[in-house]
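Data first, discussion second: the structure below is written as structure tokens.
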Amino acid sequence: MSLEKANKGRFVVFEGIDGSGKTTQVELLCKHMASMRAKVLATCEPTDGPVGRLIRRMLSGTLPADQRTIASLFAADRTEHLMDPETGIRQMVDNGTIVVCDRYYFSSYAYHSQYMDMEWVIQANRLNADILKPDITLFIDVDPEICLKRLQSNRKHLEIYEKIDIMKRVRANYLAAFHRLKHQERVAVINGNDSVENIAKAVWDQVCLVI
Ligand code: ADP
């Protein structure tokens with residue numbers, strides 16, 4: 001591993017449908033790297049900033065908005081996430097931090113292309129991709145039925161059929177986006193139908209290739 005030698009950081013992104021284990025794996029990876037005395041930062045999208053807060057209100061339904069508005073706001077939130085002069089991912093990476101992010105632009109491609117052409121979403125995120133591409137995107141691929149069961153055991157009210165339908169569609173959209181951008185992006189599809197420990201090992205094997 002070349003962490004000590006490298007003075008530039010890295011940008012590692014986790015993707016997956018809800019309940020796929022992203023939060024779990026972000027935490028494990030960050031702990032592991034911190035124990036190796038790497039400078040590590042865990043973050044997520046949408047952010048806790050003003051645009052991210054607006055998005056959360058729209059997603060929860062308290063502030064109704066058109067899907068195109070939401071998609072545009074996600075791209076704007078991402079730009080803020082990258083470019084904040086103090087905490088922005090771009091400068092963190094430039095200063096040697098390994099930034100691990102729960103969701104980035106592939107989430108937009110997978111979720112928003114349910115409602116609009118994926119190419120539009122990719123173009124709306126062009127500036128973000130120009131600012132910073134992930135060194136690696138790790139897709140935790142879990143059977144949507146399993147994700148749904150996990151979510152059901154955590155939450156009380158789920159619209160089961162609608163939900164599973166969306167999860168299946170989003171998973172398919174992710175795979176379509178990976179295929180579409182296979183020459184521009186480094187993506188590792190990790191089998192997430194496995195124990196937390198085995199997934200963490202598979203994640204580490206992939207991350208070792210880029211740090
Ligand atoms: P996400 O952030 O992708 O929504 P989480 O990491 O919050 O997913 O995981 C969703 C739920 O599934 C949590 O209750 C978590 O403890 C559990 N979980 C995560 N990974 C696994 C796994 N490999 N096997 C079984 N349960 C898991």
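The values are calculated or read from the model by the stated rules, or taken from the named source; none is laboratory data. None of these values were measured; they are calculated from a predicted model. Note that we place each Cβ from the backbone using ideal geometry, even for glycine, and neighbour counts take in every protein chain shown.
Among residues of the range 126-149 being of a type in the set (Val, Ile, Thr) and farther than 11 Å from residue 18 by Cα, the one that is surrounded by the fewest Cβ atoms within 10 Å (Cβ to Cβ) is 131. Exactly one residue out of 169, 155 is surrounded by 15 or more Cβ atoms within 10 Å (Cβ to Cβ) and either basic (Lys, Arg) or within 15 Å of the ligand (Cβ to nearest atom) (or both), and it is 169.
Within the span defined as the range 183-191, one or more residues are closer than 18 Å to residue 147 by Cβ, touching a helix residue (DSSP H, G or I) at 6+ places or on another chain (Cβ under 8 Å) and surrounded by 15 or more Cβ atoms within 10 Å (Cβ to Cβ). Residue count for the range 26-69 under the criterion of being under 13 Å from residue 99 (Cα atoms) and among the hydroxyl-bearing types (Ser, Thr, Tyr): the result is 1.
If you check 110, 172, 176, 124 for being under 15 Å from the mean Cα position of the chain (by Cα) and at pLDDT 95 or above, only one passes: 110. When the criteria are applied in full, residue 209 meets the requirement of being exposed (fewer than 15 other Cβ atoms within 10 Å of the Cβ) and aliphatic (A, V, I, L, M).
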